[in-house]
1. Assuming R0 = 30 Å, what is the FRET efficiency of residue 324 and residue 387, from their Cβ-Cβ distance, to the nearest 0.05?
2. In the stretch 218-304, if every C-alpha pair distance is counted and binned at 5 Å from zero, what percent goes to each bin?
3. Could you tell me the calculated FRET efficiency between residue 343 and residue 373, based on Cβ-Cβ distance and R0 = 35 angstrom, to the nearest 0.05?
4. Fewest Cβ neighbours within 10 Å first, please rank 250, 290 accordingly.
5. For the stretch 311-397, what does the relative contact order come out to in percent, with C-alpha contacts under 8 Å and a separation of six or more?
6. Can you pull the semi-axes for the stretch 106-259, root of five times each eigenvalue of the Cα gyration tensor, sorted largest first, whole Å?
7. Can you tell me how much longer the chain between residue 126 and residue 112 gets when fully stretched, taken as 0.36 nm per residue apart minus their C-alpha distance, in nm with one decimal?
8. At 25 °C and 0.890 mPa s, what whole-number value in µm²/s does Stokes-Einstein give for the translational diffusion of the stretch 49-95, with Rh from the Kirkwood sum over Cα pairs?
């Protein structure tokens with residue numbers, strides 16, 4: 001009546017549709033079976049650990065019981081059969097259960113009882129890069145070449161968990177369904193046939209690697225170098241690509257300017273010219289790898305053209321050989337690859353190699369100069385956005401100006417030129 005423990009065993013009599021799980025049972029006395037089912041139907045016994053030691057104490061004893069499931073149990077009868085069937089009973093199944101498979105006993109050779117031994121199977125299908133494969137066909141055949149499972153276009157690289165029969169045994173016959181053959185197929189991949197033998201392997205998590213007949217190349221990275229290019233820069237499209245079969249790869253390139261295809265720009269490099277590469281333009285390279293049969297998925301990278309700093313040459317002070325009366329002017333030859341006009345260039349002035357504070361324009365008034373001083377200027381070009389590299393002018397020495405008479409006085413007697421008491425005064429600057 002019901003399910004109860006008796007002599008440390010699990011005893012089920014005239015009970016159906018029960019669940020018994022996660023028990024640890026050790027029996028010592030005679031006829032103290034670990035699990036005993038009598039006239040029991042459709043019971044699930046899961047995760048139990050059963051040990052018996054007496055010669056008349058079976059690990060699992062089934063008497064006129066049907067359609068019971070033993071799942072993931074461990075059964076060990078040290079002195080008798082691990083599993084014993086008495087009188088007629090059928091459709092009892094051991095799934096993923098650890099026990100001695102040669103230690104199944106029957107009441108007599110004419111007993112019609114039978115038991116099935118089965119195991120779970122999980123199949124995962126991956127490619128050579130260990131990536132789960134979708135749209136793969138999987139079929140499973142038993143030892144008699146009878147199909148027991150078939151699925152087309154599996155998703156996430158896995159099939160639903162299968163329960164495969166190793167053998168079915170009665171008092172006189174043990175019929176094997178193992179080994180099994182698992183076939184996997186996919187367009188452009190070699191068919192994979194894998195054999196598993198449940199006689200030597202229990203619960204199975206099987207990973208099948210599919211090899212491509214001619215795998216598609218893969219581009220992992222694309223980069224446009226250098227970073228922060230300028231209008232006169234040579235752009236270079238670099239990439240890393242692999243092929244599953246190690247085939248030699250060729251590459252195809254196409255350059256775009258702000259999303260518009262550049263006609264004829266199909267080389268790995270693209271040289272920016274003044275008329276073609278403008279500051280602020282986004283230049284993109286799209287690359288494809290090919291093994292001669294299949295092309296990779298395209299991959300792209302791009303760079304925005306940065307401002308090109310201006311340059312200064314031939315800095316000079318004018319006038320040459322200046323005098324103390326001259327205004328000094330710092331000039332240079334300005335150039336800019338972007339055709340930007342000069343705007344905001346900076347100037348510094350040096351007197352006898354010492355920086356003169358406060359003089360930051362392109363000119364120096366004569367009031368700042370003295371005879372015999374040496375002056376040079378430093379000019380830094382600017383295009384309104386960025387400064388270029390500073391350049392020093394030649395050095396100029398300040399010369400003395402010629403003297404001049406600014407005023408004079410004459411007290412001579414013009415009416416009497418013989419008068420020698422004459423006084424003439426000059427003022428010279």
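Values in this text are rule-based calculations from the coordinates and carry no lab data. Not measured: the values here are computed from a predicted model. Here Cβ is always computed from backbone atoms with ideal geometry, including for glycine, and neighbour counts include all displayed protein chains.
1. The formula returns an efficiency of 0.40 here.
2. 3, 15, 27, 23, 14, 9, 6, 2, 1
3. 0.65
4. The most exposed by this proxy come first: 250, 290.
5. 38
6. 54, 13, 11
7. Value of the extension gain: 0.6 nm.
8. 223
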